[in-house]
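Q: I am attaching a structure below and will ask some questions about it afterwards.
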Amino acid sequence: MPHIVTNDGVRLHYVERGSGAPLVMIPGWSQSAAQFEAQTEALSAGRRVIAIDMRGHGESDKPEHGYKIQRLAMDVRNAIEALGLARASLLGHSMGCSVIWCYLDLFGDEGLERLVLVDQMPCAAARSEWSEQERQDAGAIFDGAGLYETIAALAGADGVETTKGFVGSMFTDGFPAERVAWVIERNLMMPRRHAASLLLNHAMQDWRDLIPRIALPTLIVGGRASLIDWRSQEWMQRQIAGSQLEIFEEADGGNHFMFMENPERFNRLVDDFVR
């Protein structure tokens with residue numbers, strides 16, 4: 001099983017297809033590289049496609065430490081260096097976008113080519129003093145109390161059922177139930193106590209100061225029916241000079257996992273953008 005070892009000794013599993021200019025795909029919270037199966041196959045014609053299981057996720061090691069966005073950004077850095085990836089494009093889904101933003105904050109964009117940001121809000125947890133416009137632009141889905149209730153449920157006896165409800169809401173009604181069940185199974189490969197720790201750290205990050213400083217060519221993809229408010233994706237597009245925005249309608253698979261629900265359209269968009 002292909003893997004790299006991080007600078008703190010954690011084995012990260014990855015999937016690799018093709019050769020040429022590299023495209024690195026980073027899954028979301030509690031998700032796995034296997035969910036990019038349709039992308040690793042279709043996008044590997046003429047390029048080297050790599051999908052990483054982050055620590056604690058999928059087939060990677062599940063240590064007792066490191067469940068913070070900053071550590072995951074370092075893990076991506078370690079993977080890029082270990083695999084010798086020059087001029088890599090990065091694609092992040094959901095929390096994977098936060099990992100990319102943290103990577104840019106820590107290491108800059110040297111050696112990177114393009115970004116694909118798939119359905120992630122700039123800040124998941126709203127502060128009490130925010131206006132309604134600030135909440136909308138940030139795409140916040142939690143307030144303070146709601147966030148801590150969710151974390152407690154995930155880490156406690158109801159962790160599996162909480163996961164089923166949370167992840168199950170991220171697909172349109174037209175997506176097969178057995179496929180949703182498979183995604184939930186992949187999510188549950190991450191121990192719920194680690195998933196809870198990571199979600200708390202992830203939700204408390206506010207990237208609204210970083211996003212306007214992105215200078216790389218950027219494609220933003222959202223879903224009209226997603227729990228991530230599509231208007232936050234429009235805000236991001238306005239902040240990133242020259243960026244492109246594509247919103248999938250609900251009838252077109254436009255929920256949080258549009259890359260699984262409508263892989264043909266999604267893959268065409270990414271293929272055309274990354275080149």
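Values in this text are rule-based calculations from the coordinates and carry no lab data. From a predicted model like this one, the values you see are computed outputs, not experimental measurements. Cβ atoms come from the backbone with ideal geometry, glycine included; neighbour counts cover every protein chain shown.
Q: Using alpha carbons only, what's the Rg to Rh ratio of the range 3-274 with Rh from Kirkwood?
A: 0.93
Q: With the Cα gyration tensor of the range 143-236 giving a ≥ b ≥ c as the square roots of its eigenvalues, does the rule (a/c under 1.5 for rounded; else a/b larger than b/c for prolate; else oblate) give rounded, prolate or oblate?
A: In terms of gyration-tensor shape, oblate.
Q: Summing Lys, Arg as +1 and Asp, Glu as -1, what charge do residues with Cβ under 14 Å from the Cβ of Pro27 carry, Pro27 excluded?
A: So the environment of Pro27 carries a net charge of -3.
Q: Got a sec? Charge dipole of the chain, +1 on Cβ for Lys and Arg, -1 for Asp and Glu; which of Phe259, Ser128, Gly111 is way out at the positive end?
A: Positive-end residue among those listed: Gly111.
Q: Can you tell me how much longer the chain between Leu106 and Glu134 gets when fully stretched, taken as 0.36 nm per residue apart minus their C-alpha distance, in nm with one decimal?
A: So the extension gain works out to 7.5 nm.
Q: Please build a GNM for the chain, connecting alpha carbons under 10 Å apart, and tell me which residue among Gly66, Gly108, Gly58 fluctuates the most.
A: Result for the chain, Cα springs under 10 Å: Gly108 fluctuates most.
Q: Extension gain Glu250-Lys164, at 0.36 nm per residue separation less the Cα-Cα distance, in nm? If you can, show how the numbers build up before the last one.
A: Values: separation 86, 0.36 × 86 = 30.96 nm, distance 2.09 nm.
Residue separation times 0.36 nm, minus the Cα-Cα distance, leaves 28.9 nm.
Q: What number, in percent, do you get for the relative contact order of the chain if the mean sequence gap of Cα pairs under 8 Å and at least 6 apart is divided by its residue count?
A: Rounded, it is 19 percent for the chain.
Q: In whole angstrom, how far apart do the alpha carbon centroids of the range 152-225 and the range 29-107 sit?
A: Going from one Cα centre to the other spans 15 Å.
Q: Quick one: dipole size for the range 3-274, taken about the Cα centre, charges +1 on Lys/Arg Cβ and -1 on Asp/Glu Cβ, in debye to the nearest 20.
A: 560
Q: Can you compute the modelled spin-label distance between Ala157 and Arg213, with each label point 7 Å from Cα toward Cβ, in nm?
A: Output for this residue pair reads 4.7 nm.
Q: Another question, if that's okay. At q = 0.19 Å⁻¹, what is the log10 ratio I(q)/I(0) for the range 1-145, with the Debye formula run over Cα points and no solvent?
A: For the range 1-145, the Cα-only Debye profile gives -1.11.
Q: Starting from the Cα gyration tensor of the range 80-138, take the square roots of the eigenvalues, sort them a ≥ b ≥ c, and report rounded, prolate or oblate (rounded when a/c is under 1.5, otherwise prolate if a/b is larger than b/c, else oblate). If you can, show how the numbers build up before the last one.
A: On the way: a/c = 3.27, a/b = 2.69, b/c = 1.22.
Prolate, since a/c reaches 1.5 and a/b exceeds b/c.
Q: So what's the net charge close to Glu250: Lys and Arg +1, Asp and Glu -1, counting the other residues with Cβ under 11 Å from its Cβ?
A: -3
Q: Next question. Under 17 Å from the 7 Å Cα→Cβ point of Arg275, by amide nitrogen: which residues of the range 202-229?
A: Answer for the range 202-229: 215-220.
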